[in-house]
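The values are calculated or read from the model by the stated rules, or taken from the named source; none is laboratory data. Everything quoted here is computed from the prediction, not taken from an experiment. Here Cβ is always computed from backbone atoms with ideal geometry, including for glycine, and neighbour counts include all displayed protein chains.
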């Protein structure tokens, strides 16, 4: 009975420790596990990469590395290696054409998808299938399509009355073939995102435009395109960064070589060859230097992209 | 009313002729075999171009003269034309899969030595699949690769998604010193291009003798991925704080709250991330290529690649492609909604 004189609800011991330092410590502990993984598997290799780019290393024994200063960077651009580097950048930049092509395909398909009401889900599902297929399978499929004598494209062309084109064996047609394959598999996500973005546009804009007498084209260019420009910006940035680091498509399409006359040699493929086949000739140091130059290139392009974006991306819709 | 329908028929015809014009312009890229074809294409091109130019000019003149008409197409006609265009696109998407399927069923002689036809001439056979199962020359098999892929993905999937969701819970609801600093660093990390780590990870793994084992593929994934943390953090921030306070007053600790409140609420998002991570793991090609040298350790994609390099028979390669695509296709068709919703949300669109 005397216990009723005390406080009715004494604080349990656990709550008294709520903001204690042990509590905060365990909070931090469970939260930073992915961050630890990031430090170990991304930050650490990046710093080591920066350091090794100033050395010449031909094996994974760190004690055998010789300090060469900026020689790695200079030798990347001089002489025969310089020609290879420039050619690799040219190949990669031409391959990046698959980004605008797949975005345009995505725009057109999403535009027509908006016009139909019933089958939209089925079309969306089918259009996204190439995106979930792996690069290896897609490249093998296209290798079969592009085959010179028995491939489907060449048989159709010869039925229509044209000569057969050597898609993968001639230097002029190798990159366009790779671009076609890249846009085939890359359009899926463009269609998906553009469709979602176009569905979110306020219909009252279109009704007001129709009352003012606008044609379909005018409505598309003046209402739809600005309204979905954030999606376009996202797609452009992500796909550009991915396409600048292309390697999988190039390896599988070209088989074991690097394309006719070395034209399938993208930048990352070049770097990968430096540590794989030509290890004694080139080494880890110059490969690290080349990858940092590519990273710088990507950063510059991304920065330019962001700067230009202020002119054409509108977030006001 | 009559004029409106007529105008819309004309607009559909013009759209079709625009498509034909683009197609013929595209055909001029190829070299014609003889003069007949060449002149047909040129005449088609010029006439279609003339029709279109005339239509555009007359449309402008008409529009200036007749003000009262409303210019949009009749909805039925637009829908028909949209269906035509979309059916064409579906055709382009589906054709490569159909070719792979047909090639994997054809006999060896027909697939490799005869010209490609859409129908089967020498009778369907599953010999290509039997060949794959019995192919043991190269020391590995496609089925072994499939098994390996699934085995290697188990640990990163479970542990990785678990730690990522735990971390997302921490960023969303828990407080500790330096939280915003770490979060900003992780945000920044997502924008870094991955190519700089390509050579050095191989170098580092080689120096600790992890190459030719499955450890480089499994261990990084177990720590969790930053993309998943961001995705789930948005999700968990939507959980009302009162719920958590009520649980705390009832005496639940942090982990208990996580398992009993956060996980059930976040179940759809976590399932989506599990699926997407598995798809990424299944389709990964460069990692296994770099780190695995023993043929028995190959994953599906690497096995497929080396397998196709080894044989030249098209029907067997096609069967291998089918084996690698079909599981992913089934997963995608069944879990279609989660996958597309997950990708839409993680790229910033709502819903």
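For residue A:101, are the conditions met, namely being touching a helix residue (DSSP H, G or I) at 6+ places or on another chain (Cβ under 8 Å), at the interface with chain B (Cβ under 8 Å from one of its Cβ atoms), part of a helix (DSSP H, G or I) and modelled with pLDDT of 90 or more?
no
The criterion of at least 3 residues that are under 30 Å from residue B:340 (Cβ atoms) and more than 9 Å from every other protein chain (Cβ to nearest Cβ) is met, among helices (runs of 4 or more DSSP H) falling completely within segment B:248-325, by B:267-282. Checking every residue in segment B:88-106 against the condition of being at pLDDT 80 or above, in contact with a helix residue (DSSP H, G or I) (Cβ under 6 Å, 6 or more places away or on another chain), outside any helix (DSSP H, G or I) and away from chain A (no Cβ under 11 Å) gives at least one match.
The residues listed here are A:142, A:112, A:123, A:127; of these, the one that is in contact (Cβ under 8 Å) with a residue 24 or more places away in the chain, in a helix (DSSP H, G or I) and farther than 20 Å from residue A:175 by Cα is A:127. For segment A:192-205, the candidate set comprises residues that are more than 9 Å from every other protein chain (Cβ to nearest Cβ) and in contact with a helix residue (DSSP H, G or I) (Cβ under 9 Å, 6 or more places away or on another chain); within that set, the residue that is nearest to residue A:106 (Cα to Cα) is A:194. In segment A:167-189, is there at least one residue being crowded, with 18+ Cβ neighbours inside 10 Å, under 28 Å from residue B:109 (Cβ atoms) and within 9 Å of chain B (Cβ to nearest Cβ)? Looking through segment A:167-189, none of the residues is crowded, with 18+ Cβ neighbours inside 10 Å, under 28 Å from residue B:109 (Cβ atoms) and within 9 Å of chain B (Cβ to nearest Cβ). Across segment B:261-288, what is the number of residues that are crowded, with 21+ Cβ neighbours inside 10 Å and more than 18 Å from residue B:160 (Cβ to Cβ)? So the count comes out to 1. Could you tell me whether segment A:77-91 includes any residue that is exposed (fewer than 15 other Cβ atoms within 10 Å of the Cβ), modelled with pLDDT under 90, more than 30 Å from residue B:80 (Cβ to Cβ) and within 12 Å of chain B (Cβ to nearest Cβ)? No, that holds for no residue.
Looking across A:222, A:248, A:261, one residue alone is crowded, with 18+ Cβ neighbours inside 10 Å and in contact with a helix residue (DSSP H, G or I) (Cβ under 9 Å, 6 or more places away or on another chain). It is A:248.
Which of the residues that make up segment A:61-76 are outside any helix (DSSP H, G or I) and either exposed (fewer than 15 other Cβ atoms within 10 Å of the Cβ) or free of Cβ contacts under 8 Å to residues at least 12 places away in the same chain (or both)?
Kept after step one, since they are outside any helix (DSSP H, G or I), are these residues of segment A:61-76: A:61, A:65-70.
Matches in segment A:61-76: A:61, A:66, A:67, A:69, A:70.
For segment B:180-196, the count of residues that are surrounded by 21 or more Cβ atoms within 10 Å (Cβ to Cβ), in a helix (DSSP H, G or I), over 22 Å from the mean Cα position of the chain (by Cα) and touching a residue at least 12 places away in the same chain (Cβ under 8 Å) is zero.
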